[in-house]
Amino acid sequence: MPSLPLHRLSPGQRVAWHRLRRGLSQEVLAGLVGRTADWLGKVENNRAPLDRLPVIRSLADALGVSVIDLIGDTKEDRSRNHQDLHVEAVRSVLMDYRYSEPVFPITQNDERPPELRFLRHEVETVMCAYQASDYQRVLCKLPDLLVRSRSAVRSYTGKRRRAAEALSALASQACAMILTKLGETDLAWIATERGLKAAFACGDLAVQGSLMRSGVHSLHSRGQHRTAVAMAADAISYLRGERSSHSGVPRMLSVYGTLLLPGAVAAARSGDRATATAYLEEAEKTAEQLGRDANHLWTAFGPTNVVLHRVTVASSLGDPRAVLRLGTRVDTTGLPVERRVRHLFELAQALTAVNEVSSAVDRMLEAEGLSASHVHRHVMSHQIVARMMRSKSGRRERRLADLAHRMGTI
């Protein structure tokens with residue numbers, strides 16, 4: 001049984017403490033919550049995060065304790081728990097049949113239709129918060145925005161309905177993006193599907209392209225790289241065929257270019273270097289046509305973002321030296337915080353791979369300075385820190401231990 005005081009134990013260590021106190025084996029407790037003993041062992045040894053409220057609740061019920069008994073009640077713990085509760089609120093909206101597509105004919109809509117101007121402002125607020133890596137603000141606003149945007153679709157007709165569909169699509173896109181970062185990939189795909197339906201209903205080609213980009217990203221985040229490559233190819237072909245009348249329009253150039261980028265990453269992750277390279281080259285030409293870094297429809301697309309995705313592709317192809325050669329020369333100061341933090345993750349991951357752990361910690365601390373919530377909650381950052389901590393030099397790095405503690409890893 002752990003020798004530290006209970007209030008100083010991590011959630012995983014608390015699970016072990018209460019399990020031993022109850023006289024249960026790992027096999028028995030894991031079976032009670034529908035998991036494997038190997039998974040439970042990793043949780044108890046802080047090698048797998050315990051940060052999803054439904055899982056924590058299942059363990060608490062099986063052990064006969066409260067959720068707070070497992071996660072503690074410090075200010076930091078309460079903040080993390082509140083974020084998980086916001087995820088559950090988003091889940092409830094996405095799983096509510098009243099907001100599914102097509103709308104059930106038995107469902108009555110007695111709600112007062114929200115003003116489109118208000119919805120547009122809320123979508124802008126959520127998208128800007130996402131790009132600023134303000135997870136708490138995004139998660140707090142999403143449930144109400146999802147409900148109101150679908151209510152607007154049901155309430156309006158004609159041109160105003162199409163405007164509501166576009167806003168609903170973008171709200172779903174914001175939902176998919178934040179859920180992907182939190183590791184809720186199945187739920188993110190549900191949000192993506194809802195957004196795609198709304199995007200094609202609204203008839204706005206740029207919004208359609210934006211949601212298709214999220215679809216590609218959602219698929220390869222779930223490990224479905226070949227399916228992601230296929231969707232990217234279909235989406236790119238569709239936009240090529242439809243955008244002739246929008247040729248040279250910055251909004252369309254940005255959306256088209258930013259669709260090529262996750263397509264390149266998905267291709268790289270499936271081992272298709274040739275397709276990844278072709279998409280990057282076309283994205284570079286599109287960025288040159290755009291002429292500068294821009295943020296049309298929250299794409300953050302431009303020459304700099306293309307270089308960042310060259311870095312990501314190199315990482316996906318298992319070439320950390322290329323990541324460092326390309327990535328250390330990029331000036332990201334003009335990009336949204338979300339993009340800057342993600343680039344620092346790529347550099348930290350590559351530095352860890354070449355056993356430069358101290359420099360990797362520098363990059364992670366720089367990222368934490370830009371957005372603590374992004375670093376503390378993103379699935380990728382937990383994977384990077386866990387890998388660093390398993391290295392010989394990482395185990396001697398006090399700054400890494402402090403960071404892991406702030407992230408809830410230890």
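No lab work stands behind these numbers, since they all come straight from the coordinates. In this text the structure is predicted, and so the values were computed from the model without any measurement. Methodologically, a virtual Cβ is constructed for each residue, glycine included, from the backbone with ideal geometry; neighbour enumeration extends over all protein chains shown.
Non-local amide H neighbours of Asp134 (under 5 Å, H modeled in plane, Pro and chain starts lacking H): which ones?
none
Quick one: of Lys42/Lys197; Lys42/Lys141; Lys141/Lys197, which pairs are farther than 32 Å apart, Cα to Cα?
Working: Lys42/Lys197 39 Å; Lys42/Lys141 34 Å; Lys141/Lys197 22 Å.
Listed pairs above 32 Å: Lys42/Lys197; Lys42/Lys141.
Between helix 250-269 and the chain, what is the angle of the helix's C-alpha long axis to the longest principal axis, kept within 0 to 90° and rounded to the nearest 10?
40
Relative to the longest principal axis of the chain, what angle (0 to 90°, nearest 10) does the C-alpha long axis of helix 205-221 take?
Its long axis makes an angle of about 30 degrees.
Would region 301-394 count as rounded, prolate or oblate if I go by the C-alpha gyration tensor, calling it rounded below 1.5 in a/c and otherwise prolate when a/b exceeds b/c, oblate otherwise? Intermediate values should be presented prior to the final figure.
Numbers: a/c = 1.91, a/b = 1.23, b/c = 1.55.
It is oblate, given that a/c is not under 1.5 and a/b is not larger than b/c.
Measure nothing but the geometry: give the 0 to 90° angle between the long axis through the Cα atoms of 116-131 and the longest principal axis through the Cα atoms of the chain, rounded to 10°.
With rounding to tens, the tilt is 50 degrees.
Kindly rank 16-23, 209-216 from highest to lowest mean number of other beta carbons found within 10 Å of each residue.
Working: 16-23: 16.0, 209-216: 26.8.
Descending packing order for the listed peptides: 209-216, 16-23.
Arranged from highest to lowest average of other beta-carbon atoms within 10 Å per residue, in what order do the peptides 301-310, 353-362 appear? If you can, show how the numbers build up before the last one.
On the way: 301-310: 22.8, 353-362: 18.1.
Going by the mean number of other Cβ atoms within 10 Å, highest first, we get 301-310, 353-362.
Most mobile of Ala300, Ala188, Ala171 per a Gaussian network model of the chain (Cα springs, under 10 Å)?
Ala300
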